[in-house]
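Computed from the coordinates by the stated procedures, all read-outs in this text should not be read as laboratory data. Just so we're clear, the structure is a prediction, and the values are computed from it rather than from any experiment. Here the Cβ positions follow ideal geometry from the backbone for every residue, glycine too, while neighbour counts run over all protein chains shown.
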Amino acid sequence: MEIMLNGEKKEVTDNITVSRLLEILDIQHQRVAVELNEATVKKDRYATTTINDGDALEVVSFMGGGLCTIQSPR
Amino acid sequence: MKDDKLIIAGIEFHSRLWVGTGKYKDFPETKKAIEVSGTDVVTVSVRRVNIIDKNKENLLDYIDPKKYKILPNTAGCFTPKDAIRTAMLAAEAGISKLVKLEVIGDEKTLFPDNEATLEAAKVLVKEGLIVFPYTSDDPVMAKKLVDIGCPAVMPLAAPIGSGLGIRNPFNIRIIMETIKVPVVVDAGVGTASDVALAMELGCDAVLLNTAIAGAKDPIGMAEAMKYGVLGGRLAYKSGRIPKKLYATASSPLEGMIGS
């Protein structure tokens, strides 16, 4: 199935969990946060939250930035 | 000055200088500037993880969250919805319940959209976050933000990154007299005298980024800002003399030769 991962299309196995996807991507759970279809996923739900075809997933972490550091506002 | 504590929402802040982490040459320079500034509050943005290049260094490898209070921000958000999403993600990252709420209303000036900020703040306060909103230097707006549960407000000194310093010290004064929570001047500071002025006005803290990161020598400027804050705060606590139009001699007039 195909999902949107950080704004880009990605092919993943059907009904994959958030925690399995992070494992495949080699991303540590600490220091990241995950959003599925615009709703934050609690860390203790990673293992039980499955991703469906067409879902949009965002994986974020903290970067350098003080005040508004945008490049291109929507 | 030892008992001159800044406590917001039960959290004790040891420094009145808060700094950003953007625009530095690299992470080692960021780290060094932050160390030299003497701050204990560091603001960071929330951005997508680089999926392709996972080996890229992480800011938090350089800025130890045990040593510094991490203040995630919603920089770059133009709508309440995006700011709320970003703040909720930041909170879920599990490092901090603090958030510097920023909802920008204009691309050119980067002035905040106060109405949208208030809307987002209401939601985030209800979600249990400690919301420090970036706002115009508007006392009415500041009061509204406090009324809905913000434990501090962050009025701008001048447009973000402009280095113009405090454009309207009178409004900042009125904000401080209007609300009973700490006031943190945010954005537009250019040099050490600007932060000293903010402190002399009685502001509780100053947040800045570009003034240090964009200086010719960021490490030197970080140190200058540290002393600017300390000097300004001490002057405020010590009570300056009133301004007068005419001279007052500081040497005794008795005993002068020829008298």
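Within the range B:1-48, the residues that satisfy the criterion of being within 23 Å of B:GLY128 (Cα to Cα), surrounded by 23 or more Cβ atoms within 10 Å (Cβ to Cβ) and within 14 Å of the chain's Cα centre (by Cα) are B:TRP18, B:VAL41, B:VAL42, B:THR43, B:VAL44.
Annotation note: Cβ proximity below 6 Å between a residue of the range B:198-224 that is at positive phi and a residue that is not small (Gly, Ala, Ser) (sequence gap 6+ or interchain) occurs for B:GLY202/B:MET176; B:GLY202/B:TYR236. Elements of the type strands (runs of 3 or more DSSP E) sitting completely within the range A:1-59 and holding at least 1 residues that are more than 25 Å from B:PRO72 (Cβ to Cβ): these cover A:2-5, A:8-11.
Here is a yes/no grid of residues against (1) more than 12 Å from chain A (Cβ to nearest Cβ); (2) within 18 Å of B:ARG48 (Cα to Cα); (3) part of a helix (DSSP H, G or I):
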site	(1), (2), (3)
B:LYS66	yes, no, no
B:ALA75	no, yes, no
B:ASP82	no, yes, yes
B:ALA87	no, yes, yes
B:ALA116	yes, no, yes
B:VAL123	yes, no, yes
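Summed over the range B:89-114, the residues that are in a helix (DSSP H, G or I), within 13 Å of another protein chain (Cβ to nearest Cβ) and buried (at least 20 other Cβ atoms within 10 Å of the Cβ) give a count of 3. Here is the figure for the range B:214-259: residues that are in a loop (DSSP other than H, G, I, E, B), closer than 30 Å to A:GLY64 by Cβ and not aliphatic (A, V, I, L, M) total 3.
Within this structure, B:VAL183 passes the test of being away from every other protein chain (no Cβ under 14 Å), touching an Asp or Glu at 6+ places or on another chain (Cβ under 6 Å), among the hydrophobic types (A, V, I, L, M, F, W, C) and buried (at least 18 other Cβ atoms within 10 Å of the Cβ).
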